[in-house]
Every structure is written in structure tokens, then in C-alpha cells.
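Colleague: One structure is given below, represented as C-alpha cells, and several questions about it will come after.
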Amino acid sequence: MAKKDQKKAIGKGIRALLNNIDSEPVEKKETVVKTLAQNVAMLSIKSIEVNPDQPRKEFLESALEELSASIKIHGLIQPVTVRRLNSKKYQLISGERRWRASQKAGLKEIPAYIRIANDQEMLEMALVENIQREELNALEIAFNYQRLMEECDLTHETLSERMGKKRSTISNYLRLLKLPPEIQEGLKNKKISMGHARALAGSNDVSVQLTVYKEVVGNELSVRKTEALIGQYSKHSKKSKAAAPTKELPDAYVDVRENLRSYLGTKVGLKRSESGKGQIVINFTSDDDLNRILDLIEE
């Protein structure tokens, strides 16, 4: 009950700030941006509309159904980000997939970070300041890193410079956002540590992640034992999926793949058949990341 009352109080406080924002001086607006960067408001799904300029128009129905089923159990863990249009309307900046899945799950309200018009510079400063707060948990830090990249158009490299952190550190936090909701919830509630979560993120197999997570929580395993267990399960998983051995790429093509990865700042897959045919697969983490990659390709 106390947590619910606290969330309602925060929501009311945010609404009060937003209602008066247009008439406030610049100094007051900076305070509002800081408050919005640090707090999540619960918004009616009906008050949120899709951005018509959103580049992504299609969403895989099966993936939406899976996310919807997860949201029914765990709720929406990662808030969406919206832009305030007026006192009753908001427009999505990021999180349309989460918003659609929440609708399918029957949610009436979802957690959201709220942006106001022309707050780009103030928002970046507020988010950086927010990340530096000592009481944030690892998942909250990851959310803020993701927001900085998506909303302030920052690359991994630029973000690491802004934060004074190694690029690998930033990547380790962002990988937490790809973990299953059950594990994210466990990290949020301190059932596991950042070290445990990072070890679990080392596997790309969700079933392995969840199996090991349950063993970690049930047997209070150390981070080192978690890493060892992930290694054992991953080896077993690879053996059980033993397909025909794949031919190694010639060195020249490996160099091409690695150069692409380095230039684009993302995972790149390259396949080539003996006849010379093949394909290049470029991964991206969000619509903003896709636009960043497209800009690099066009250059």
C-alpha cells in the first residue's frame, strides 16, 4: 500500500509541474526536467498516441504476443518515453512495441518518462546527473543509459566519453535490458547482483538464462559459480544443437566483418557460400540506433 501511495503522490507531483510548465521561467523548467528525468509517471494508455514519423511501421505479431504474456505476469518493467503534447495527450518517443504489447495485455496505465518540448540539452544534463546518484540500482542505470542513447542521439562511443566510463562498461549495463523480465525483476529486487546479471547475460539462450537464474536464487550461488554454470549449460546447449559443421570464413572476409563491426559500432554477421553468394546481417537495438547506422552507411 505504501508503495502505491508513493507512486500516486509522485504522479500527482509530476502532473502539477507539467500543468504549470508553460508559464514558468527557464530556471524553473530546468527543475522540472530534472524531476521528470528521475521519476516515472503512470499514464493512461489511451492518452498516448503513436508518433506518425516513427520509421518502424510493422511489428511481428508472435513477438508482441510473447511480450504481452510476460507483461501480464510481471507488468511493464521498462517504462516508455513520451513527449507531452498538452495536459491530456502524449506522443511516443520510444517504446511503441512495449506500448502495443501492454494494450494486448489489457493494461489501463503504463509507466512512462515524460519529455517536454525543446528540453534536449537540459534532459541530457539531467540524465547524466541522475546516473551519478548513488542509490540507483544496476537496472535503473541501464534504463538511463538507454534513454541517453535513444533520446539524445548518442552512440556507445559518445556515451562512454560523456560518462567517463569504458565502452565495455556501458555495453555490460545495456545488455541487462535484453535479459528476460523475470531476471530483470530479480535484479531490481536485489535477489541477484550486477555480477550475477552480467554472467547470465553472457548466454544468448533464454532457457539457459532462466534455468541458471533459478539455481542462483535457490542455492545462493556466488558470481563465480554462476559464470561456471553458464559455461557448462552453454557447452551442453551447443552440443545438443550440433548441426553440420560450418566452414570458417576466409581471413579476408573475417577482416571485412570485423571492419564493419568496428565502423558501425554494432554486431555484424557475414555469411558466404562456396559459390561466392552470401549475406550481411547488421544488428540494431532501437529505431534511433537504426537511423545512426543508416547515416553511417550513407556517409
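Colleague: So which of A126, A138 ends up being of a type in the set (G, A, S) and over 18 Å from N189 (Cα atoms)?
Modeller: A126
Colleague: OK, next. In segment 166-210, which residue that is of a type in the set (A, V, I, L, M, F, W, C) and outside any helix (DSSP H, G or I) is farthest from the chain's Cα centre (by Cα)?
Modeller: The residue in question is I192.
Colleague: Would you mind listing the strands (runs of 3 or more DSSP E) fully within segment 78-163 where at least 1 residues are over 27 Å from M194 (Cβ atoms) and among the charged types (D, E, K, R)?
Modeller: So the answer is 80-84, 109-115.
Colleague: Also: Inspect all residues belonging to segment 286-296 and state whether any of them is part of a loop (DSSP other than H, G, I, E, B), modelled with pLDDT under 80 and more than 17 Å from R167 (Cβ to Cβ).
Modeller: Yes, the conditions are met somewhere in segment 286-296.
Colleague: Let me ask another. Taking the condition of being acidic (D, E) and within 12 Å of V33 (Cβ to Cβ), how many residues in segment 118-150 meet it?
Modeller: So the answer is 4.
The values are calculated or read from the model by the stated rules, or taken from the named source; none is laboratory data. Note that the structure is a prediction, hence the values are computed from the model and not measured. In this analysis, Cβ positions are derived from the backbone assuming ideal geometry, glycine residues included, and neighbour counts consider all displayed protein chains.
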